[in-house]
Amino acid sequence: MKFSEMPYERPNLEKLAAVAEQAAAAIKGAESAEEQIAAYDEFETAAKHIYTLSTIASIRHSVNTKDAYYDEENRFMDENSPRIEAMNQKVIRTLLNSRFRPELEQHYGALMFKNLEISVRSFSPEIVELMQQVNKLCSDYQKLYASAVVEFDGKKLPLPMLGPYKESTDREIRRKAFAAEAGFFDAHREELDRLYDELIHVRDAEAKKLGYRNFIQLGYDRLGRNCYTAEQVAAFREQIARDMVPIVAKIKESQRRRLGVERFCFYDDPLFFPDGNPRPEGTSDEILAAGQEMYRALSPETREFIDFMFRNELFDVLSKDGKAPGGYCTEIPDYLAPFIFSNFNGTSGDVDVLTHEAGHAFAAYRALRQNLPAMLINPTMETAECHSMSMEFLTEPYHKNFFGSQAEKYKLMHGEAALIFIPYGCMVDEFQHRCYEEPDLTPAERNELWLSLEKKYRPWIDFDGLPFYGRGAGWQRQLHIYLYPLYYIDYCMAQTIALQFWMASLKDREDAWKRYLTFVDGAGAKTFEELVRAAGLRLPYDEGSIRKIGTEVSEWLEKNAL
């Protein structure tokens, strides 16, 4: 069914509550594991329908945050998603206490029960009101960000449309584009500081009500992390600071020489080549058509997937006034349908979306057809990001569809950008850990912390007096920091997996694709560690992994420099 034709009505929460009560009672009174499985599956079907409706409303709201009807529906879900979680938890707790648990684990898998145990310790009805506050604050931030329009080049532009100007070959235009963006954030400085301060304190209050020392472990539990700890993440970040930052510093020095600038400044960062970054050729519709052609050629599996996506119009990718920022992929389970949301702006990022978000969508498309329990359809987030970031590299032979004669430039830029991103992502993660460890930091102290982390992870950065960025507030444009706490490190770990798939594909493309497909089809039924080891790849937080991965990729980049 086409997305525009998918019906929507406000979810009937009273009906779901009744189904949850019946399921919990049936599980508790069951005389066999089979009876409990039937009761739980019935509840999952009802919960899946509610999720379908809430997802449709969320997509339509993010496509146009000015739509009053879906703005109200989004507000309804903000207020009631904690109530839905309470229903879900009631059923889960009953299932976990089953006297037939060994049989249930044999049916659903032991990992599902491990995930359920993580889930129940991260929720209590006592924190429903706090969860509602978090939802409202997140929506307020997203709405503020979506309202951002700046005067530039004689036009009124939403922030994503500054992207081409930030990559201009004219250095002054680049600087002015960053300054224009900074102007919006500076104009809303007090509100941005207030929103984050309140989010920090409300999340800290949630954690303490649940018995956690602070929000960090609660954040990990909400992300479902089931095979590594905050200590292992910290060790990974330190490997990046020790072994990856020097590699990236050399790449940035090469970039400086290519650009021919004496002093490398923040507004030089997005420009990789003096004659301009490679840009996709053609209109947005032509780029989408090239994407369809690419996936039809890549493999039989991706051909089936992409035809489904186009047939059902499961994209919204054009930037426009009132549209929420960023890009995402989500799924609409009743229709076994992924959905891709983005903001095209005429840069190579448009192609990155078609490869990155389509990687998520491809994995979701296949997982939704495996008849898995809902808890095992989606893997943990670092695994999901492996799907998307690896797809960026595995589609490489077809990038000429977008870039024509500039495909080799894009290949080099993409490889360099992949390494350059990792220290930044670690900086975002360490910043969040520190903020949740010290919730009473003032806004000025948070900015000072960000600047200190810039020196650790990006010592080559010179802000050259830019407003907003120069005072250490640049973190406020990273929406994950507000909306998805402690999530960003998943991109960093996934990037190390994607780079390994890339190197493997350069040696044997067919073998790399088979390993990737097996990795994807694991869905959420295996842990990140199990999937990585089964694919014959290095875990990012194992000692020495980063040096080996970074060296191999950087040597390839040096050998293929243009």
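Mind counting the residues in region 300-321 that are in a helix (DSSP H, G or I), polar (S, T, N, Q) and farther than 20 Å from Trp513 by Cβ?
Of the residues in region 300-321, 0 are in a helix (DSSP H, G or I), polar (S, T, N, Q) and farther than 20 Å from Trp513 by Cβ.
Residues considered: Arg258, Arg303. Of these, the only one that is surrounded by fewer than 18 Cβ atoms within 10 Å (Cβ to Cβ) and either closer than 30 Å to Arg366 by Cβ or in contact with an Asp or Glu (Cβ under 8 Å, 6 or more places away or on another chain) (or both) is Arg303.
Listed here are the residues, each with its yes/no results for (1) surrounded by 18 or more Cβ atoms within 10 Å (Cβ to Cβ); (2) modelled with pLDDT under 95; (3) charged (D, E, K, R); (4) in contact with an Asp or Glu (Cβ under 9 Å, 6 or more places away or on another chain).
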site	(1), (2), (3), (4)
Glu79	no, yes, yes, no
Arg83	no, yes, yes, no
Leu95	yes, no, no, no
Ser98	yes, no, no, no
Glu105	no, no, yes, no
Glu117	no, no, yes, no
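Among the residues of region 184-203, is any among the β-branched types (Val, Ile, Thr) and either within 26 Å of Lys90 (Cβ to Cβ) or modelled with pLDDT under 95 (or both)? Within region 184-203, one or more residues are among the β-branched types (Val, Ile, Thr) and either within 26 Å of Lys90 (Cβ to Cβ) or modelled with pLDDT under 95 (or both). In summary, Pro338 fulfils each of the numbered conditions (1) part of a strand (DSSP E or B); (2) at positive phi with the single exception of condition (2). The one condition from (1) crowded, with 21+ Cβ neighbours inside 10 Å; (2) under 30 Å from Glu301 (Cα atoms) that Asp511 does not meet is (1). Restricted to region 341-351, and to residues there that are assigned to a loop (DSSP other than H, G, I, E, B) and of a type in the set (S, T, N, Q), the residue that is farthest from Pro158 (Cα to Cα) is Ser348.
Only one residue in Ala241, Ala249, Ala205 is touching a residue at least 12 places away in the same chain (Cβ under 8 Å) and in contact with a Cys (Cβ under 8 Å, 6 or more places away or on another chain). Which one?
Every option except Ala241 fails the conditions.
In region 392-418, the residue that is surrounded by the fewest Cβ atoms within 10 Å (Cβ to Cβ) out of those that are more than 21 Å from the chain's Cα centre (by Cα) and of a type in the set (Gly, Ala, Ser) is Ser405.
Before we move on, is Ser342 of a type in the set (Ser, Thr, Tyr), under 28 Å from Ser168 (Cα atoms) and buried (at least 22 other Cβ atoms within 10 Å of the Cβ)? Yes, satisfied. In region 482-500 there is at least one residue matching the filter, namely being in contact with a His (Cβ under 7 Å, 6 or more places away or on another chain) and open to solvent by less than 60 Å² (accessible area, probe 1.4 Å). When you scan region 352-373, do you find a residue that is in contact (Cβ under 8 Å) with a residue 40 or more places away in the chain, over 29 Å from Leu499 (Cβ atoms) and part of a strand (DSSP E or B), even just one? The answer is no, given that none of the residues of region 352-373 is in contact (Cβ under 8 Å) with a residue 40 or more places away in the chain, over 29 Å from Leu499 (Cβ atoms) and part of a strand (DSSP E or B).
Checked against (1) open to solvent by 40 Å² or more (accessible area, probe 1.4 Å); (2) in a helix (DSSP H, G or I); (3) under 30 Å from Glu558 (Cβ atoms), Pro459 passes all but condition (2).
Filtered by the rule that a residue be small (Gly, Ala, Ser) and under 15 Å from Met381 (Cα atoms), region 524-552 gives Gly524, Ala525.
The values are calculated or read from the model by the stated rules, or taken from the named source; none is laboratory data. Nothing here was measured: the structure is a model prediction, and the numbers come from that model. Counting neighbours? That spans all protein chains shown, and the Cβs are built from the backbone with ideal geometry, glycine included. Note: areas computed on protein heavy atoms with side chains; ligands, DNA, RNA excluded. Shrake-Rupley method; radii C 1.70, N 1.55, O 1.52, S 1.80 Å.
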